[in-house]
Each structure stands twice: as C-alpha cells, then as structure tokens.
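Shown next, in structure tokens, is the structure this report addresses.
The values are calculated or read from the model by the stated rules, or taken from the named source; none is laboratory data. Just so we're clear, the structure is a prediction, and the values are computed from it rather than from any experiment. Neighbour counts run over all protein chains shown; Cβ positions are idealised from the backbone, glycine included.
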Amino acid sequence: MAAMATVEAKKPSDPVLMTINGKKVPLSEFQYLYNKNNTQQSEKQSIDDYVDMFVTYKLKVADAEAAGIDTTAAFQKEFIGYRNELSRPYMRDTVVYNKLIAEAYDRMKEDVDVSHIMVHRGESPEMDAKNAAMLDSLRTAILNGADFNELALKYSIDPGAKRNKGHMGWMSANQYPYSFELTAYNTPVGTISPVIQTDFGHHIVKVHGRRPARGEVLVQHILKLTQGKNEAEAAKQKAAIDSIYTLLKNGADFDSLAIALSEDPGSARNGGKLPWFGPGRMVPEFEDASFSLANGEISEPFATSYGYHIVKRLDWKGVKPFNEAKDAIIGTMNHDMRSNMPEEAKLKELKKAYKSTVNKSTLAMVTDEINARGQLDSAVVDKFRNSRAPLLSVGKKVIPLCDVIGEVPLYSVAKAESGVAIVTNIFNKALDKATIEAERETLVDKYPDYRNLVNEYRDGMLLFEVSNRNVWDKASKDKEGLEAYFKANRAKYNWEAPHFKGYIVFTPNDSIETAVKNYIASHNVTADSINTVMRREFGRDVKVERVIAAKGDNAIVDAVAFGGEKPASTGKWTNYFAFEGRVIAFPEEAADVRGSVTTDYQSQLEKEWVASLRSKYPVKINQKILDKLK
C-alpha cells in the first residue's frame, strides 16, 4: 500500500544524508527533526551529538520494520487515520475557507430582526417535498396579502409561535443553523425568503429590520415571578419589586438583595449575575432594558412574561477584532454545514484536474441487471463480485468494478428505481474517495512540511511499539530477568532505615475482623493466596494491601509495625491488622524495590538492544553533506 511506505524526498536539491539498513534518509528530514529538537531543549544540541541520537532512533525504526510492525492492521488503521487528519488543510479550497470566515465575521457586525414559519420535514422524500410545497403555498398567500402572524400562529411548529406569532426578534450571528442565518442576513428588509431547510424543519423567513450589532452585555437582576399567579398575587409581586427598588435607590447592596429576595433560582445564589448575552437570547423587554443602561446603572422595575425585574448593568463589549473572533468562528464552522464546503469545492477542482469519471458502460451494465431483476439484491452483487470491468478512472489509475461492488449494502432488498439510485450514489462516493486518495499521495512531493510530519508520526508510532516490545513491557513482565538483575546488582539497592514488609488486611468493623482472623488461623491461608481467598470468602467486606514501607512513610504501617498511634479512621475501612508482616533491614528480592530495579533493568535492556542494532543494520553517513551543516 502506497500510503504505508516511508515517504522519501525526490528532489535533487534534497540529497541523501544517510542510509540505514538500505533506506535513504534525506537531508531535509534530518534538518527538520534537528531544528525541532533544539526548540524543545534548554541548551542547543550540537550536530555531532544529535547525529548519534538520530541514528539510534532510525535503527529502532528499522528494527520495527524488520519485525513487520508497520504492516499490522492496527498500525495501518491508526497511521492512515492520522495521515488523513493531517492532510485536511491541504484538501480544502483555502479561498472558499477564508471567504466563509470573512463572511461570518461581517455578519457579526449586524443584528437582524426576523420572523419565521417552520413546518416539519417529512419522514419520506415524498412527504418532505409535500411539506415544503405546503409552506411555499403559505408564502404565496402572504405575498398576496395574508397575515404572516396569523399563519405562523396556525401552522408553525416552533413552540414560541404561540407566544410571538413567529416573531423571533433581533438575532445576531452564530446563534442559529447556518442555512437559517445565511437566509436571514441575505433577505432584504420587508421581504420573505424562499423555503429553506435546516435540521429542524422547513422555514420561510421574514426580515423586519437591520441595525449595527449590539454586542454583548453582562448584567445581574432581581426577579419576582408572576407566571401562573392570579391578578391579586401578581399585584403583591409588583409591590414587592417596588419596595426592593426603593431599597436599592437608598443604597442597599444589589448582590445581597438578589441572594435574599430574587426568585430566579439559577442566578439568585450568585447575586443575580447572568452570563454574557447578546440579541435574541433573552425576552425582548429584558434585552432592551439591559442594553439601554449605562455600566453600573440600575433599571426601574419592568415586566416580562416571567414577572417583574430590576436589572443592573455590569459591563458591555462590542464585536471582537477579527483576530480574536476567528477561532470561535472556525469552531462554529466545524460543527455546521460549512465544515464540508471548502472540501467539496476542493474535490470539485480535483475531479476536474484528475478527469475523474465513472465508466458509463460499466454503470449501465449494473443498472441493466438491477432493472432486469426488478430489484437490487445480493444476486446482483454476487454477479459482479469478480468483475474486472473498468468502473472508475482517476488520472491514470483505473479501478475495477470488483473493488467497489462489495460496498453495496445487502441488509435489505431495494426496488429497481431505488436500487439504481443506491448503486449510482455508492459509485460516485467511491470516485470521490479515490480522487481524494490520489491527491493525498501527491502531497508528500508538494509540501515538505507535510512529508516531514507524516514521517515523524509514522516513525514515532513504530518507535513506541518496538521499544515497548524490547524494553518497557519486556522489563515489567520478565520476572525472572528482574530477579536475576537484582541479585547481580544487590549492592545498589539499600535502605537508610528498616522497612515493614507484609500485608494489611482491612475490614469495616470488629465482627468481620474477628471472622477474618479466625478463618485465616483455621484454614492455613498463605501470603500467596491471601488476596484470592479473602475475595472468595468475604467479597467486598475485606480489602488486602501488600505494603513495604519505612517508619514515617505510612501511618497505618507505623501503627501495626513500629508502635505508632492508630490514625483516625476515614471511610469504610475502620479496622485493620497485619498479616505475614515483618521488619527487614534491606531489600530481599526485586519486588521490594521494584520501581528502581525495573528502571535500571530497562536501561540495561536498552543498551543491549541498541548495541545489537548497530551490529545488525548497516549505517552509511555522507560526511561531506553533514560537515556543511556544522
């Protein structure tokens, strides 16, 4: 597979610096990694020092390749996934991408006052078209004089329509689905848009006005609820909010009154403070009051559908400069239909450049078979499963039918018309995929930075896996090797103070502790079996921990082994006792100093491995080229 091969520079201006096990390493790759390494170091490393480290790195990669790690399905899946993600910036039309960002920022400078009518999307293509046509007929009726508000009240499925008759109020950018936002901003004031579609339904949008963006405001408020209350109860709430306003005018603390008296449970505990908000995110009366105040100013009481409010404005901010807003715009774009638009534009350009086509005669051969059978089923797929008939052409590459027909789903039988549409769609998607893959394979020659990143990630994956096999995982699992290393180097591992070595058995109360002790005494339980036996006999009522600790390292160990005071119990495990415990002056086995021994054993395995690599794989360095770098 071409995608899996190590990428090599082919330009004469990029000479081969070294050859390791017959594989050429271009100068550009060495320079890229050397420069990157030095940016990550506090002190710059010399060329000579880095060469030795680089050669070791490449020898390990060669060993991974010799072991076939790069051919495993798991490696290929992870590598191709990363490569595809890394290639994304190169697989989109940058003009379209930048234009979308610029357009989004321009919309942030303006608010739009809109109404809409929304109807359901259909469960089938036929029903979907019927619903869209019905909404279009409502639009025609409005253009001929029907009342927009009344039709919104009658037909719109937006729950807010019952309250606002379709009038959403002022909206700002990055609030609604892209197609809705685009329509709202592009529809002239006083006119109604054509029918549009979002994930929520079909819409027509009426634009009432435009204004410079209000920005966002930060406020705190006090609320006395009137929702669900009768006229007399609402009057009491009005009297209460007026009293609070009087207190505020006389210097009372807003935060304290909000905490004590506000009936907005979400904000009251925080002194009535709300998150930053812009147009369209609050009911109109609340929004207008908040934006009309100066910073630090407190409003008079006013009513909304929720109740009576007093608002204090804390701060205001306008539209951010482009450089500050760009990342947020891109984040929004990545989660709506715009995320695919630059890629779609690039794909269209690539298909033209590669002359990508579906072979008409091969497509006709398959569709004729579907029509002859009256349906698309497994028999159609089986008939062409081994067909070498040319199906896709991408540049000079021809992809046979047998490579694509297997992608046809066999979980259901489709009637002829639907079957032809399914197959045609699958073939077109396969053509898109093949075109993208053809372009990806050229990126390594077009973009050195991309090539170096791909190689770095590939080699890094191989380095991790081969090092894990030969050093890290091997050291942790090789109990005999660890023990042998410990015995051979016992003098390295000493303690300054004696350690308690054994087990601590925990129980939640006296009765279970007594039962556990009696069981251990009567059943000859050993250190090797203590964990298994306790789990089997007592389940979650017992916990066993193996410990090795000096005096002062562990309060419980101090209590059971060194005459210390019993620490106050916390949680479930109130009772504990030592099992098979004793105080030792020095480590007796590798497990007693496992961390240190494992680290040292890994270092030994690493040295032995590198020595074997240098004798196993030939290394040739072009010294003339290397000297020019110094």
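Identify the single condition in (1) within 30 Å of residue 28 (Cβ to Cβ); (2) part of a loop (DSSP other than H, G, I, E, B); (3) of a type in the set (D, E, K, R) that residue 123 does not satisfy, given that it satisfies every other one.
The failed condition is (1).
Out of everything in the range 269-295 that is touching a strand residue (DSSP E or B) at 6+ places or on another chain (Cβ under 8 Å) and among the small types (Gly, Ala, Ser), what residue ends up being surrounded by the fewest Cβ atoms within 10 Å (Cβ to Cβ)?
294
Give the residue, chosen from 444, 466, 454, 471, that is part of a helix (DSSP H, G or I), more than 15 Å from residue 82 (Cβ to Cβ), hydrophobic (A, V, I, L, M, F, W, C) and touching a Lys or Arg at 6+ places or on another chain (Cβ under 6 Å).
Values: 444 fails: more than 15 Å from residue 82 (Cβ to Cβ); 454 fails: more than 15 Å from residue 82 (Cβ to Cβ); 471 fails: touching a Lys or Arg at 6+ places or on another chain (Cβ under 6 Å).
Just a single option satisfies the conditions, and that option is 466.
Considering only the range 122-161, state which residues are under 14 Å from residue 204 (Cβ atoms), hydroxyl-bearing (Ser, Thr, Tyr) and free of Cβ contacts under 8 Å to residues at least 12 places away in the same chain.
Within the range 122-161, 137, 140 meet the criteria.
Has the range 157-169 got any residue that is assigned to a loop (DSSP other than H, G, I, E, B), within 15 Å of residue 111 (Cβ to Cβ) and either out of contact with any strand residue (DSSP E or B) (no Cβ under 9 Å at 6 or more places or on another chain) or outside the structural domain of residue 293 (by TED's automatic domain parsing) (or both)? Talk me through it step by step, then tell me what you get.
Just the residues of the range 157-169 that are assigned to a loop (DSSP other than H, G, I, E, B), to begin with: 157-160, 165-166.
Cutting the leftovers down to within 15 Å of residue 111 (Cβ to Cβ) gives us none.
No - not one qualifying residue is present in the range 157-169.
Tally time: how many residues in the range 296-333 are within 25 Å of the chain's Cα centre (by Cα) and either surrounded by fewer than 13 Cβ atoms within 10 Å (Cβ to Cβ) or polar (S, T, N, Q) (or both)?
Total satisfying the criteria: 5.
Which is of a type outside the set (A, V, I, L, M, F, W, C), surrounded by 14 or more Cβ atoms within 10 Å (Cβ to Cβ), within 30 Å of residue 323 (Cβ to Cβ) and touching a Leu at 6+ places or on another chain (Cβ under 7 Å), of 105, 82, 97, 90? Give the steps one after another, and end with the answer.
Values: 105 fails: touching a Leu at 6+ places or on another chain (Cβ under 7 Å); 82 fails: touching a Leu at 6+ places or on another chain (Cβ under 7 Å); 97 fails: touching a Leu at 6+ places or on another chain (Cβ under 7 Å).
Just a single option satisfies the conditions, and that option is 90.
Results for (1) in contact with a helix residue (DSSP H, G or I) (Cβ under 7 Å, 6 or more places away or on another chain); (2) more than 30 Å from residue 278 (Cα to Cα), shown as yes or no for each residue.
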{"position": "79", "(1), (2)": "yes, yes"}
{"position": "87", "(1), (2)": "yes, yes"}
{"position": "97", "(1), (2)": "yes, no"}
{"position": "102", "(1), (2)": "no, no"}
{"position": "111", "(1), (2)": "no, no"}
{"position": "114", "(1), (2)": "yes, no"}
{"position": "148", "(1), (2)": "yes, no"}
{"position": "157", "(1), (2)": "no, no"}
{"position": "168", "(1), (2)": "no, no"}
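Restricting attention to the range 117-156, and to residues there that are surrounded by 14 or more Cβ atoms within 10 Å (Cβ to Cβ) and hydroxyl-bearing (Ser, Thr, Tyr), which single residue is nearest to the chain's Cα centre (by Cα)?
My answer is 156.
If residue 42 meets every condition in (1) surrounded by fewer than 13 Cβ atoms within 10 Å (Cβ to Cβ); (2) part of a helix (DSSP H, G or I); (3) assigned by TED's automatic domain parsing to the domain that holds residue 455 apart from one, which number is that one?
If we test residue 42 against (1) surrounded by fewer than 13 Cβ atoms within 10 Å (Cβ to Cβ); (2) part of a helix (DSSP H, G or I); (3) assigned by TED's automatic domain parsing to the domain that holds residue 455, just (2) comes out false.
Examine the range 127-150 for a residue that is within 30 Å of residue 439 (Cβ to Cβ), in a helix (DSSP H, G or I) and either of a type in the set (Gly, Ala, Ser) or assigned by TED's automatic domain parsing to the domain that holds residue 208 (or both), and state whether such a residue exists. Can you show your working first?
Of all residues in the range 127-150, those within 30 Å of residue 439 (Cβ to Cβ) come to none.
Scanning the range 127-150 turns up no residue that is within 30 Å of residue 439 (Cβ to Cβ), in a helix (DSSP H, G or I) and either of a type in the set (Gly, Ala, Ser) or assigned by TED's automatic domain parsing to the domain that holds residue 208 (or both).
Give me a count of the residues in the range 192-229 that are more than 30 Å from residue 141 (Cα to Cα), crowded, with 17+ Cβ neighbours inside 10 Å and among the basic types (Lys, Arg).
The total comes to 2.
Would you check if there is a residue in the range 510-526 being of a type in the set (S, T, N, Q) and within 46 Å of the chain's Cα centre (by Cα)? Lay out the reasoning, then the answer.
Kept after step one, since they are of a type in the set (S, T, N, Q), are these residues of the range 510-526: 511, 514, 518, 522, 524, 526.
Going one step further and asking which of them are within 46 Å of the chain's Cα centre (by Cα), we end up with none.
Looking through the range 510-526, none of the residues is of a type in the set (S, T, N, Q) and within 46 Å of the chain's Cα centre (by Cα).
Of all residues in the range 255-276, which are in contact with a helix residue (DSSP H, G or I) (Cβ under 9 Å, 6 or more places away or on another chain), among the charged types (D, E, K, R) and under 19 Å from residue 295 (Cα atoms)?
Selection gives 273 alone.
If the requirement is being at pLDDT below 95, in contact with a strand residue (DSSP E or B) (Cβ under 9 Å, 6 or more places away or on another chain) and farther than 30 Å from residue 19 by Cβ, which of these qualifies: 572, 543, 517? Steps first, please.
Details: 543 fails: at pLDDT below 95; 517 fails: at pLDDT below 95.
After applying the criteria, what remains is 572.
Filter the range 358-385 down to residues that are part of a helix (DSSP H, G or I) and of a type in the set (Lys, Arg) and give me whichever is farthest from residue 409 (Cα to Cα).
Let us first name the residues in the range 358-385 that are part of a helix (DSSP H, G or I), namely 360-373, 378-384.
From the residues that got through so far, the ones that are of a type in the set (Lys, Arg) too are 360, 373, 383.
Details: 360: 22, 373: 17, 383: 15 Å.
The selected residue is 360.
Looking at (1) touching an Asp or Glu at 6+ places or on another chain (Cβ under 8 Å); (2) part of a loop (DSSP other than H, G, I, E, B); (3) under 30 Å from residue 337 (Cβ atoms), can you tell me which one residue 210 breaks?
Going through the list (1) touching an Asp or Glu at 6+ places or on another chain (Cβ under 8 Å); (2) part of a loop (DSSP other than H, G, I, E, B); (3) under 30 Å from residue 337 (Cβ atoms), residue 210 breaks only (2).
In the range 271-291, how many are of a type in the set (A, V, I, L, M) and either assigned to a helix (DSSP H, G or I) or over 35 Å from the mean Cα position of the chain (by Cα) (or both)? Step through it out loud before you land on a result.
Here is the first cut: in the range 271-291, the residues of a type in the set (A, V, I, L, M) are 274, 282-283, 289.
Of the ones still in play, those that are also either assigned to a helix (DSSP H, G or I) or over 35 Å from the mean Cα position of the chain (by Cα) (or both) are 289.
Matching residues across the range 271-291 total 1.
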